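The structure under discussion appears below in the form of structure tokens.
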Amino acid sequence: MRKRFMQITRIKVGGATLNQTPLDWSGNRARILQAIAQAQQEGVTILCLPELCISGYGCEDAFHSEGVSEMAFQMLLEIIPHTANIAVALGLPIHTNQVIYNAIALVSDKQLHGLVAKQFLPGQDLYYETRWFKPWPSGKFQTFRSGELSVPFGDLIFDLDGVRVGFEICEDAWVSNRPAGRLAAQGVDLILNASASHFALGQFAIRRQIVEEGARATNTVYIYSNLLGCEAGRIIYDGTVLVASGNQGILAEGPRFSFQEMILTTAVLDLGLNRLQRRKNINYQPAYSNHENRVFCQFPWETVVGGATDQYTDSGTIRSEVLSPFEEFTHAVALGLWDYLRKSRCQGFVVSISGGADSATVAVLIYLMANLALKELGWEAFKKRQAHLSWLPEQGQWEISEIMPHLLLTVYQASDHSSETTQTAARELCETLHARFFEFNISGVVQEYTSWLENMLERPLSWEKDDLALQNIQARLRGPSVWLLANTYDALLLSTSNRSESAVGYATMDGDTCGGLSPIAGIDKAFILRWLKWVETEKAVSIGPLPVLKRITAQKPTAELRPQNTKQSDEKDLMPYLVLDAIERLAIRDRKMPLQVWQDLQRQGKTSEKYTPASLALFVERFFQLWSRNQWKRERYAPSFHLDDENLDPKTWCRFPILSGGFVEELKLLRAAVKNEEIKSIREPLLTTQMIRRTLWI
């Protein structure tokens, strides 16, 4: 059979992206079987599925339970009988040697041939695999036994009657000494990469490069399959499937950010071309060994290929379009909201709409989510995917204008300090989005609370003495009513905090932080303001421009918690968002101390041209003090989506002590440098330590 197959090098391969859920055994199995069935129907011979697709990737500490691995293996056994005439790679946790491994099973023609374990485990930022799994040592293998079943396990390659298959599992491909080189030396034809690689702005280009370069450097075919959707709550997977050939580059790309449960991407290959290229490469050195790590597997090539070298033609697989950061952000959050809605089984979303940029962004994203899903899926599939929504009609087809009043409930809660500008902006935006809009005034409730406290204290509250308390009581009193609205409609309350405010704690705990999900807490304010302007003026993904947003983008961001005559603004309370975001990146992303941050800011054109060294020093000190003082708030924020690799989420990305020394010594060095700088300069007045401290507490 092998001799005959050497004449049949043209085969069809595929990768499938799956929208899985941790520990959803029946649902995960059903989607895997759907992918296998479609691949069989389309004549795919080798299919790669995502990492840990049987159990779900985000099982967290449940991986420690032997029962999870046992259930995953039982699901594998139930999937195996459905693999006639196809080879399938699928991920699951495996318990052996009294530990858990992140593994891939290779199944073909109703047989389990062996298990390959991940060699490089990510243990930083979003990933905590080193907490649950053990890395597999290179070049080692053993026998895995379960009941009467016994199969090879470890660092293996598989020979499917002449076609050699090897594996990299997600992180394996991102390290410098990736296994691909060793696999190529052993003559593999295909490298399969089952992945669970998170979305971040701009990361797709890097991922694509890793796949393409992996194929080119090894003269192999490389198949990469990623997870899809908001699987477990914070991470969003864009669902990429990539197929690359060493001599041809990218052959196929699957669509990203789909609302489907499963998408199959296929490509037709001529393995002979890569084999020829390897023979011609004078630097290629095969590995000379006894091939103990090779697993020989029978595969019915004559049945599936039928001996015809030209049977397969390319299926015209969709190629991913290049997306701008604004488009990526839109698609990612829309998909995250879509999955959060259906997996939480809530009846819709509630947003406390303020007439400002953040709440407007969240509301518009929900509108875009509905538009994108309806456009891709059509009405019937839309209903099927969100079948738990009790308000969907049994008959007839609804338009967006009929969906949105049920999907998005908004409420504007005015106080004595709210302006007609924000009230009008909120109302007109919600009308444009077809959202249901409520409005009422909380001034009476605020007065009741302040009067009660004044009686207890036996003195009146004043803005001169009680500024913070008088601001926060308004924000906190908006919380109970918006929670009541969400509970009444069995809807998910969304918080509207952004990352810039999170960095400095510019939020009222149990007020504007109320919510079960904070979808934009992973992105900075400057990006949000630019994104809103883009939606206002450009055709944004599936909708035309939204000119109504001009009422919001024309405003200066403000909390509207002080009297109108104070002209309160966020940047006046904090610092310019341009500077705040620059400091955050230097201090938190780049881990620089106050003096280094100040020096770097003076080298950046955008900040050094607009602000004096003394002003920048004041902003730096303010940031570090507010950052260290407000870690407790970041610990309590609602879960947020991971949108770029500058996240501040203490549970997944950026850990910091709740109690700390507050950079006291480091800030002394900054003040000393500022003094020295100003003594030398006639352009600046002397900025003393006392002046800095006094200004910080305005």
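The values are calculated or read from the model by the stated rules, or taken from the named source; none is laboratory data. These numbers come from a predicted model, not from an experiment. Positions of Cβ are backbone-derived with ideal geometry, glycine not excepted, and every protein chain shown enters the neighbour counts. In case anyone asks, the SASA skips ligands and DNA or RNA and just uses the protein heavy atoms, side chains included. Shrake-Rupley method; radii C 1.70, N 1.55, O 1.52, S 1.80 Å.
Quick one: is F153 closer than 23 Å to E646 by Cα and either in a strand (DSSP E or B) or not β-branched (V, I, T) (or both)?
no
Taking the options A205, A200, A196, name whichever one is surrounded by 24 or more Cβ atoms within 10 Å (Cβ to Cβ) and aliphatic (A, V, I, L, M).
A196
Filtering the stretch 118-137 down to residues that are in a loop (DSSP other than H, G, I, E, B) and charged (D, E, K, R), which residue is surrounded by the most Cβ atoms within 10 Å (Cβ to Cβ)?
K118
Say we look at the stretch 444-476 and pick out the residues that are touching a helix residue (DSSP H, G or I) at 6+ places or on another chain (Cβ under 7 Å) and crowded, with 21+ Cβ neighbours inside 10 Å; which of these is nearest to S569 (Cα to Cα)?
The selected residue is Q474.
Quick check on the stretch 48-58: of everything there that is touching a residue at least 60 places away in the same chain (Cβ under 8 Å) and open to solvent by less than 10 Å² (accessible area, probe 1.4 Å), which residue is farthest from S225 (Cα to Cα)?
Once the filter is applied, the top-ranked residue is G56.
Which residues, taken from the stretch 273-301, are part of a helix (DSSP H, G or I) and either in contact with a helix residue (DSSP H, G or I) (Cβ under 7 Å, 6 or more places away or on another chain) or open to solvent by less than 20 Å² (accessible area, probe 1.4 Å) (or both)?
Result: N274, W301.
Please give the number of the condition A617 fails out of (1) at pLDDT 95 or above; (2) open to solvent by 30 Å² or more (accessible area, probe 1.4 Å); (3) touching a helix residue (DSSP H, G or I) at 6+ places or on another chain (Cβ under 7 Å).
Of everything listed in (1) at pLDDT 95 or above; (2) open to solvent by 30 Å² or more (accessible area, probe 1.4 Å); (3) touching a helix residue (DSSP H, G or I) at 6+ places or on another chain (Cβ under 7 Å), A617 misses just condition (2).
I need the full set of residues from the stretch 527-550 which are open to solvent by 50 Å² or more (accessible area, probe 1.4 Å) and either part of a helix (DSSP H, G or I) or aromatic (F, W, Y) (or both), in order please.
Listed by number, the residues that qualify are L529, R530, K533, T537, P547, K550.
With respect to G515, determine if the residue is part of a loop (DSSP other than H, G, I, E, B) and in contact with a Leu (Cβ under 6 Å, 6 or more places away or on another chain).
yes
Given the options T432, T410, T488, name the one that is within 30 Å of R345 (Cβ to Cβ) and not in a helix (DSSP H, G or I).
On inspection, the qualifying residue turns out to be T410.
Determine the pairs where a residue that is closer than 15 Å to S462 by Cα and in contact (Cβ under 8 Å) with a residue 12 or more places away in the chain, located within the stretch 562-573, has a partner that is of a type outside the set (F, W, Y) and part of a loop (DSSP other than H, G, I, E, B) with Cβ atoms under 7 Å apart, the partner being 6 or more residues away or on another chain.
Pairs that qualify, where the first residue is closer than 15 Å to S462 by Cα and in contact (Cβ under 8 Å) with a residue 12 or more places away in the chain and the partner is of a type outside the set (F, W, Y) and part of a loop (DSSP other than H, G, I, E, B), are R562/H417; R562/Q568; P563/H417.
Are any of the residues in the stretch 77-86 open to solvent by less than 10 Å² (accessible area, probe 1.4 Å) and either closer than 26 Å to F199 by Cβ or of a type in the set (K, R) (or both)?
No, the stretch 77-86 contains no residue that is open to solvent by less than 10 Å² (accessible area, probe 1.4 Å) and either closer than 26 Å to F199 by Cβ or of a type in the set (K, R) (or both).
I'd like to know if the stretch 199-210 contains one or more residues that are outside any helix (DSSP H, G or I), out of contact with any Asp or Glu (no Cβ under 6 Å at 6 or more places or on another chain), touching a residue at least 60 places away in the same chain (Cβ under 8 Å) and not β-branched (V, I, T).
Yes.
Given the criteria modelled with pLDDT under 95 and within 20 Å of M509 (Cβ to Cβ), does R655 qualify?
Yes; evaluated as a whole, the condition is true for this residue.
Can we say T265 is of a type in the set (V, I, T) and part of a strand (DSSP E or B)?
yes
Mind checking which pairs have a first residue in the stretch 398-427 that is free of Cβ contacts under 8 Å to residues at least 60 places away in the same chain and open to solvent by 30 Å² or more (accessible area, probe 1.4 Å) and a second that is in a loop (DSSP other than H, G, I, E, B) and among the aliphatic types (A, V, I, L, M), Cβ under 8 Å, 6 or more apart or different chains?
Pairs found: W398/L392; P405/A435; H406/L389.
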